Amino acid sequence: MTWELLSETLRLEQYNTRLVVLGVAFLGATAGLVGSFLLLRKQSLLGDALSHATLPGIGIAFALMSALGFTGKSLPGLLIGATITGLFGVLLVLAIRKTTRLKDDAAMGIVLSVFFGLGVAILKMVERLPGQSAAGLDGFIYGKTASMVWSDFVLIAIILVITTAVTIALLKELTLLCFDANFASTQGWPVLWLDIILMALVTAVTVVGLQAVGLILIIAFLITPPTAARFWTNRLGWMLFLSSTIGAISGWLGVSISALYSNLPAGAIIVISAATIFLFSMIFGTARGVLPRYLRHLKLLRKVGRQHLLRSTYEILEETQDTKPLKNLPIPIDLLRKHRYWSKGELAKLIRQARSEDHIERQPSGELRLSESGFGEASRITRNHRLWELYLIKYADIAPSHVDRDADMVEHLLGAEIVHQLEAELDLSKPTIDSPHTIEPKELVPLSKPTG
Amino acid sequence: MNWTANDFHIILVGGLCAMACALPGTFLLLRRMSMMGDAISHAVLPGLAIAFLISGSRGNIWMFLGAAIAGILTALFTQWITRFGKVERGAAMGIVFTTLFAIGLVLMRKAADHVDLDAGCVLYGALEYTPLDMVTLFENETSFFAVPRAALIIGATLLFNALVITLFYKEFKLASFDPGLAETQGFRPQLMHHLLMTMVAVTTVAAFEAVGSIIVIAMLIVPPATAFLLTKNLPVLIIVSLIVAVLSAALGQVASHFPPLLGLPDTTSSGMMATAAGFLFLLAWLFGPEGLLKRQSREIEAPEFD
């Protein structure tokens, strides 16, 4: 294989693969779109049950068409059969869920396994029917991507266009269904029918995908792209767009790569491409990816550590001085360490961090001293902490002796706006409640007054 | 209908397998993880293929190990994606098993150059051929007693499952109904979870060659679900699901003889056993104590106001 051949295939310059690539990429995009709603509805595995439930339909359709004297393997007929038993299977899942104590997973598992068993039994029977050869029908289990011809392509394209159009037309209703089905129901939306429409859309994609990637791997097309897209965004519109794109890219890559090596089944390569994109998204996805989330967590830990250090320093200054305008004096490290029971390592790390941020200076004597900016920051943080304490005492009925710890957990998230609200709410000029600390209104007010 | 000793052997293997599956299946159902059986039985494919590529032959201990490891990895990967990626469990499971299945298909295609090992045999199994491979257990001048080799393997699996569940009955029960309480009591529900997954993987693998994964998936889910509709008592639930499992196997084998009577071709025993299990479930759904029909008549007698 040469580099030219690879780029030629990827750019669709080979006529053989162009049709298949377009068909599968379109399928991937539609599956990504519909699958997004399935994922948000927390019903991803319903696609699994559905795709297995199509198998008896394929067998029955083949037998019927053969018996009536048509070509048994005509694609539209097989797909109609698949749609009927597929939809029937999904309705059974809904019915079992509604009328028994069994949960989702069991209902799906029952339909999946029984229909699949029945399907295999029927296929075996059909294979031994005299007359037409049913060889290749089990291609629907694993898919036979490369065998797509022009008429198949047209049929697939029509179904996919209709599916996409319906999905986009019902965007608002489906969104409501996925995010708050109970609300939708109280607002008078026909939730059951919306669910059934969603299932019909999934059925359409699944049935079309049977031919292309097979009934087991079409599940991946429905689940993997939306899940990957979810890591990058918290907005539905973007998620739908990304999910469709990822589906299309997986299809394009999968078909192209399998066209280059004679020995690779296209369906499997498509799934592996999608899974690779998923893995990348799961690690690096900006909205919910593991790495960005971990970094955000580290950042928060740093912030919390810094605020604890500064507040402790400030509180020690208060405890050791009687005169009111607080003087920024150096304090020994040991005193600081005992104040919050830090370990030596922890404290050293916090101090290193605070020094790099220019909040703390180390004196020649080995003692620590707040820098000018650090002093301001420390007084602000301490004040926020006490404001929050006051609020908890006044409105959450927490005992003054216990309030320190509770405040400790929330204060790091206080934004400027909330601080303003607290100030307004607590009215610091009239200290009517017990506070474990002194808050001097005069010292506290110089920040800008809340507007409005 | 030509009923032979072979039918008895097929029912023996199928029934043992169904019972072996129904045991862990009961706890999967209680933990709302029924789909895990489906996922694991698809995902063992790469394990089989890799073990085959390494050892160069099929039906040995390497295949068993490879598949068991793949099965356990499915459970682990699903758990990791759920926990670290904060993905819903169903979706995580779907991604893991389809990906492993796809990798398995590719590897099998590679392996197929060397020997006959196709995905079809994993799905359908070869239940009909089990009577061809017999092992004599007992023999003297007047009589002898032989069983299919597959029956021994699956019987051993059934014993293993029964043993594990008897030994850890209390732990499984608590971990299924109240993982939180189990945790505080020091019962390690996570450990129980992994043990259960190992049981499912081992059972799947032991059964795949003889009976195919269709029966495994069906018997992991359907008999326990059927029993669930009939009782609310755990020991009774387990016993009823074992009975339903055996009945499904017997009924399925009998049913596989019907199509020829109607002039239709023969069919597979494994597919019919799964179908029979579905039929038994349907009966329980319709006529069970909380069945659709009872529910209807009760509603007519005393309408509920709530």
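The values are calculated or read from the model by the stated rules, or taken from the named source; none is laboratory data. In this text the structure is predicted, and so the values were computed from the model without any measurement. Here the Cβ is made from the backbone with ideal geometry for all residues, glycine too, and neighbour counts use every protein chain on show.
In table form, for the structure just shown:
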{"quantity": "Total residues in region B:209-237, condition under 30 Å from B:Met63 (Cβ atoms) and surrounded by fewer than 24 Cβ atoms within 10 Å (Cβ to Cβ)", "calculated": "1"}
{"quantity": "Qualifying position, being more than 13 Å from every other protein chain (Cβ to nearest Cβ) and part of a loop (DSSP other than H, G, I, E, B), among A:Lys42, A:Lys73", "calculated": "A:Lys73"}
{"quantity": "So A:Leu300, is it away from chain B (no Cβ under 14 Å), closer than 30 Å to A:Gly374 by Cβ, among the aliphatic types (A, V, I, L, M) and assigned to a helix (DSSP H, G or I)", "calculated": "yes"}
{"quantity": "Subset of region B:99-109 (residues that are at the interface with chain A (Cβ under 7 Å from one of its Cβ atoms) and in contact (Cβ under 8 Å) with a residue 60 or more places away in the chain)", "calculated": "B:Leu105"}
{"quantity": "Any hit, region A:42-52, residues being at negative phi, modelled with pLDDT of 90 or more and out of contact with any Leu (no Cβ under 7 Å at 6 or more places or on another chain)", "calculated": "yes"}
{"quantity": "Total residues in region A:328-370, condition in a strand (DSSP E or B) and of a type in the set (Val, Ile, Thr)", "calculated": "2"}
{"quantity": "Test set (1) touching a residue at least 40 places away in the same chain (Cβ under 8 Å); (2) surrounded by 24 or more Cβ atoms within 10 Å (Cβ to Cβ) - A:Ser66 fails condition number", "calculated": "(2)"}
{"quantity": "Single condition A:Gly47 does not satisfy, out of (1) assigned to a loop (DSSP other than H, G, I, E, B); (2) within 30 Å of A:Leu236 (Cβ to Cβ); (3) touching a residue at least 60 places away in the same chain (Cβ under 8 Å)", "calculated": "(1)"}
{"quantity": "Residues satisfying the stated conditions in region A:237-278, i.e. in a helix (DSSP H, G or I), within 14 Å of another protein chain (Cβ to nearest Cβ), among the small types (Gly, Ala, Ser) and free of Cβ contacts under 8 Å to residues at least 40 places away in the same chain", "calculated": "A:Ser273"}
{"quantity": "Odd one out for A:Met282 among (1) more than 16 Å from the chain's Cα centre (by Cα); (2) in a helix (DSSP H, G or I); (3) at the interface with chain B (Cβ under 7 Å from one of its Cβ atoms)", "calculated": "(1)"}
{"quantity": "Residue tally, condition closer than 18 Å to A:Phe221 by Cβ and either touching a residue at least 24 places away in the same chain (Cβ under 8 Å) or part of a helix (DSSP H, G or I) (or both), over region B:75-98", "calculated": "10"}
{"quantity": "Candidates A:Leu40, A:Leu78, A:Leu50 - the one that is closer than 28 Å to A:Ala228 by Cβ, surrounded by 24 or more Cβ atoms within 10 Å (Cβ to Cβ) and out of contact with any strand residue (DSSP E or B) (no Cβ under 7 Å at 6 or more places or on another chain)", "calculated": "A:Leu50"}
{"quantity": "Test result for A:Leu19, closer than 30 Å to A:Leu123 by Cα, at pLDDT below 85 and either surrounded by fewer than 24 Cβ atoms within 10 Å (Cβ to Cβ) or basic (Lys, Arg) (or both)", "calculated": "yes"}
{"quantity": "Members of region A:106-117 found to be over 14 Å from A:Phe140 (Cβ atoms) and either surrounded by fewer than 24 Cβ atoms within 10 Å (Cβ to Cβ) or more than 7 Å from chain B (Cβ to nearest Cβ) (or both), listed by number", "calculated": "A:Ala107, A:Val111"}
{"quantity": "Restricting region B:59-100 to residues that are out of contact with any helix residue (DSSP H, G or I) (no Cβ under 6 Å at 6 or more places or on another chain) and at pLDDT below 85, the residue that is surrounded by the most Cβ atoms within 10 Å (Cβ to Cβ)", "calculated": "B:Leu65"}
{"quantity": "Region A:194-236: number of residues that are more than 13 Å from chain B (Cβ to nearest Cβ) and not in a helix (DSSP H, G or I)", "calculated": "2"}
{"quantity": "Those residues of region B:1-57 which are in contact with a helix residue (DSSP H, G or I) (Cβ under 7 Å, 6 or more places away or on another chain), more than 28 Å from B:Ser256 (Cβ to Cβ) and outside any helix (DSSP H, G or I), in sequence order", "calculated": "B:Arg31, B:Arg32, B:Met33"}
{"quantity": "Subset of region A:144-193 (residues that are over 24 Å from A:Gly28 (Cβ atoms), among the small types (Gly, Ala, Ser) and either in a helix (DSSP H, G or I) or touching a residue at least 12 places away in the same chain (Cβ under 8 Å) (or both))", "calculated": "A:Ala181, A:Ala184, A:Ser185"}
